[in-house]
């Protein structure tokens, strides 16, 4: 074997091993959990489930005293098919989330978030593209009732069905 051919074979073998080590996290589906959180500077308590989110203890979120969980919902998304988000009516938002696919080279899952506030002539639409890597969540933040409305979006590959015993 020529040295150039041997180098190419070695490089392809290394690439195959690297891809084998990288889990096929999504393919055509992704699983996401969306937490809707109200952050304020009012005295109060923080929902115990939110205390497990380390990002809320760091800037810019650590400037708030109270975090209230308004809703929590899980979704299974198929590639390029939107799902309607179940957001609290008090948020005044309607939303859709779309899984755009997996970028294996960057080891990330790509999404689009569509939010609609208001209706008629006052209707305002926003579109945000984002990617998630590993266990890092995506945060969408907007002003809300004297504080901030936070959408905490955590996504990964499709949920594995557990075997019943």
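Okay, here's what the table says:
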{"read-out": "Residue count for the stretch 42-54, restricted to those that are out of contact with any strand residue (DSSP E or B) (no Cβ under 7 Å at 6 or more places or on another chain) and in contact (Cβ under 8 Å) with a residue 24 or more places away in the chain", "value": "0"}
{"read-out": "Top-ranked residue of the stretch 106-144 - restricted to ones that are at pLDDT below 95 and touching a helix residue (DSSP H, G or I) at 6+ places or on another chain (Cβ under 8 Å), ranked as surrounded by the most Cβ atoms within 10 Å (Cβ to Cβ)", "value": "144"}
{"read-out": "Enumeration of residues in the stretch 88-113 that are without any contact (Cβ under 8 Å) to a residue 60 or more places away in the chain and under 12 Å from residue 151 (Cβ atoms)", "value": "88, 91, 93, 95, 113"}
{"read-out": "Filtered residue count, the stretch 55-65, keeping only those that are surrounded by 13 or more Cβ atoms within 10 Å (Cβ to Cβ) and either in contact with a helix residue (DSSP H, G or I) (Cβ under 7 Å, 6 or more places away or on another chain) or without any contact (Cβ under 8 Å) to a residue 60 or more places away in the chain (or both)", "value": "4"}
{"read-out": "Qualifying positions in the stretch 145-160 - surrounded by fewer than 16 Cβ atoms within 10 Å (Cβ to Cβ) and closer than 20 Å to residue 110 by Cβ", "value": "157, 158, 159"}
{"read-out": "Leading residue by the ranking (nearest to the chain's Cα centre (by Cα)) among those in the stretch 34-54 that are closer than 24 Å to residue 76 by Cα and not in a strand (DSSP E or B)", "value": "53"}
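The values are calculated or read from the model by the stated rules, or taken from the named source; none is laboratory data. Because the structure is a prediction, the values reported are computed rather than measured. We place every Cβ from the backbone using ideal geometry, glycine too, and count neighbours over all the protein chains shown.
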